[in-house]
Amino acid sequence: PVTSPCKILKCNSEFWAATSGSHHVGTEEAPEFCTALRAYAHCTRRTARTCRGDLAYHSAVHGIEDLMVQHNCSKDGPTSQPRLRTLPPGDSQERSDSPEICHYEKSFHRHSSAPNYTHCGLFGDPHLRTFTDTFQTCKVQGAWPLIDNNYLNVQVTNTPVLPGSAATATSKLTIIFKSFQECVDQKVYQAEMDELPAAFADGSKNGGDKHGANSLKITEKVSGQHIEIQAKYIGTTIVVRQVGRYLTFAVRMPEEVVNAVEDRDSQGLYLCLRGCPLNQQIDFQTIRSAQATEGRVRWKGPSLQAPPEAFTYETATAKCREKLPVEDLYFQSCVFDLLTTGDVNFMLAAYYAFEDVKMLHSNKDKLHLYERTRDLAPSNMAPSGISSAFWVALLCLCQCWLCLL
């Protein structure tokens, strides 16, 4: 896989290390903080050419300009990176007195029933579970919008697992939390292969300097492998993992937030809500049947090269049963990915994706999905598996009955 030439995450982490995560710098530390800022700015300039279309890069540039003004820093001066003293416990942006509007359940639903939570997940080669519990296997190579509403945007980038292969996986993830009232400033989170930060792009771990900043918070569960973002002001939990070299994404979000868009009809594509376009979907059921029929022979599509490890359908199913004993679509996705990539980390990706569903899905009766489904969107009015000839015949039959009546 080709790694991104944009090195903004490296700049962010160097600044974070230099400043110890503090944005409340005492007078005696201002020169050191300005030195670290200049080093940060210099780092961003070095990578500017390869980061033109990168949202985290542009967020970092604007953040540097704001911090320069706030701390009266000159753009000229030393750029070495002394490490600032860590602030004592409690002297940070932690606030226990956040306004009520920064807690979704308290502010939006004080006089009504509990909100209806929905779930979306993306994992593996890649497999998508939408907010409506539609399950799809997609190609979607390149950058695609996963979520796009009034409160946040999520974009994923999928790259080929093997040169010339149709199998893709998520190599980069960008999440933008939009500024919201007195709760949070705009924050950008970005992860990519082999880099899963435990902080936002500006080095902070919460929503900034606003009064309800702590209603947006990043927690590192496993270093370099698992982070969780709590956005209490919109009742949302996001889980990002790195499994092997690739990323998985899972979110729990209230239905009200999911549908909070200015103009839904002209909004465009939004994978978690609308699913993958038809021309990007892989016919999962047909391939699964071919895999089972071929038995001990690995399945290879027309554009797939042989994966490096020789999984047969039999050995792939045995391997997947180790972590996924129920033969649902997560299990079938695991088998599909082992056959098309030969990488056992895709088994773990399916396993953790299901673990995230168990944690995030509000309806425990819908944890397992057994049949691939599609929403009947305007571009896809006929259910899959039923031919157009059937609908024509049915229409003719109805007309005949009307004539008889």
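General remarks:
- Subset of the range 190-202 [touching a residue at least 60 places away in the same chain (Cβ under 8 Å) and of a type outside the set (G, A, S)]: Q190, E192, M193, D194, E195, P197, D202
- Single match in E228, E195 (criterion: open to solvent by less than 50 Å² (accessible area, probe 1.4 Å) and either under 18 Å from the mean Cα position of the chain (by Cα) or at negative phi (or both)): E228
- As a summary of the residue check, T237 satisfies the conditions (1) touching a strand residue (DSSP E or B) at 6+ places or on another chain (Cβ under 9 Å); (2) in a loop (DSSP other than H, G, I, E, B); (3) open to solvent by less than 50 Å² (accessible area, probe 1.4 Å) except for the one numbered (2).
- Test: A18 is open to solvent by less than 70 Å² (accessible area, probe 1.4 Å), under 17 Å from G77 (Cβ atoms) and either at pLDDT below 80 or part of a loop (DSSP other than H, G, I, E, B) (or both): yes
- Residue match in the range 239-254 (condition: farther than 25 Å from T157 by Cβ and at pLDDT 60 or above): yes
- Residues satisfying the stated conditions in the range 134-173, i.e. open to solvent by 10 Å² or more (accessible area, probe 1.4 Å), more than 22 Å from N345 (Cβ to Cβ) and touching a strand residue (DSSP E or B) at 6+ places or on another chain (Cβ under 6 Å): A143, P145, N153, Q155
- Entry remark, the range 203-225: residues being surrounded by 17 or more Cβ atoms within 10 Å (Cβ to Cβ) and either without any contact (Cβ under 8 Å) to a residue 12 or more places away in the chain or over 17 Å from P99 (Cβ atoms) (or both) number 4 in total.
The values are calculated or read from the model by the stated rules, or taken from the named source; none is laboratory data. Everything numeric in this text was worked out from a predicted model, so none of it was measured. Cβ: placed from backbone, ideal geometry, glycine included. Neighbour counts: every protein chain shown. The area values use the complete protein model at the heavy-atom level, side chains included, leaving out ligands, DNA and RNA. Shrake-Rupley method; radii C 1.70, N 1.55, O 1.52, S 1.80 Å.
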